[in-house]
Amino acid sequence: QVQLVESGGGLVQAGGSLRLSCAASGSTFNINVMGWYRQAPGKQRELVTTINSGGNTNYANSAKRRFTISRDHTKNTVYLQMNSLKPEDTAVYYCYARTILYGIEYWGQGSQVTVAS
C-alpha cells in the first residue's frame with residue numbers, strides 16, 4: 001500500500017505561482033511513476049504531468065513552459081511548481097503514483113488551486 005499526502009494548494013492571483021507537494025509513504029520502494037492530475041468543476045480529471053523513477057517527464061500541453069515537476073527520492077516526495085497561473089488552471093489537483101509491480105495506481109486526497117482573475 002502507498003499513501004499520498006498533498007500540501008500547498010490555495011488561492012493566487014493570475015500570473016502568480018504556487019508549489020504543490022506530495023509525500024508518499026508505505027511501500028514507496030515499489031513506486032515507478034508519480035505525477036499530478038487535475039479536475040475542474042464539471043470536467044473530467046486530466047493529466048497535468050508525470051515523472052518516472054528515471055527522471056523522465058511528461059507534460060500536458062497546457063502545462064508545458066509554465067509548470068515543472070520534480071522528485072526527491074530521499075524524501076519520497078514529488079513537487080509541482082506552477083508559474084504564470086491562469087484562471088483556467090483552477091481545479092482540484094491530485095497527486096498520483098503507480099507501482100512497478102502490477103501497475104497499481106494510488107491517489108492523493110486532492111488540493112484545491114484557485115486562480116483569481
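Search the stretch 2-17 for residues being open to solvent by 30 Å² or more (accessible area, probe 1.4 Å), of a type in the set (A, V, I, L, M, F, W, C) and assigned to a strand (DSSP E or B), and hand back the single one that is nearest to A97 (Cα to Cα).
Once the filter is applied, the top-ranked residue is V5.
For the structure I just gave you, tell me whether M34 is at pLDDT 95 or above and under 16 Å from Y106 (Cβ atoms).
In short, yes.
Can you find a residue that is at pLDDT below 95 and not small (G, A, S) anywhere in the stretch 101-116?
Yes, there is a match, as at least one residue in the stretch 101-116 is at pLDDT below 95 and not small (G, A, S).
In the stretch 71-81, is there at least one residue being surrounded by 13 or more Cβ atoms within 10 Å (Cβ to Cβ), within 27 Å of G15 (Cα to Cα), at pLDDT 95 or above and of a type in the set (D, E, K, R)?
yes
Quick check, is A24 in a strand (DSSP E or B), touching a helix residue (DSSP H, G or I) at 6+ places or on another chain (Cβ under 9 Å), more than 18 Å from V113 (Cβ to Cβ) and of a type in the set (A, V, I, L, M)?
no
Looking only at the stretch 27-37, filter to residues that are among the aromatic types (F, W, Y) and either more than 19 Å from T50 (Cβ to Cβ) or part of a strand (DSSP E or B) (or both); which one of those is least open to solvent (accessible area, probe 1.4 Å)?
W36
(1) open to solvent by 30 Å² or more (accessible area, probe 1.4 Å); (2) part of a strand (DSSP E or B); (3) not basic (K, R): which one isn't true of Q44, the others all being true?
Going through (1) open to solvent by 30 Å² or more (accessible area, probe 1.4 Å); (2) part of a strand (DSSP E or B); (3) not basic (K, R) one by one, Q44 breaks only (2).
May I ask you to list pairs of residues, at least six apart or on different chains, whose Cβ atoms are under 6 Å apart, with the first in the stretch 26-42 being over 17 Å from S7 (Cβ atoms) and the second being small (G, A, S) and open to solvent by 30 Å² or more (accessible area, probe 1.4 Å)?
Final answer for the pair search is N32/S53.
The values are calculated or read from the model by the stated rules, or taken from the named source; none is laboratory data. Everything numeric here is computed off the predicted structure, so don't read it as measured data. Please note: Cβ atoms are built from the backbone with ideal geometry, for glycine as well, and neighbour counts cover all protein chains shown. Note: accessible area is taken over every heavy atom of the protein model, side chains too, but ligands, DNA and RNA are not part of it. Shrake-Rupley method; radii C 1.70, N 1.55, O 1.52, S 1.80 Å.
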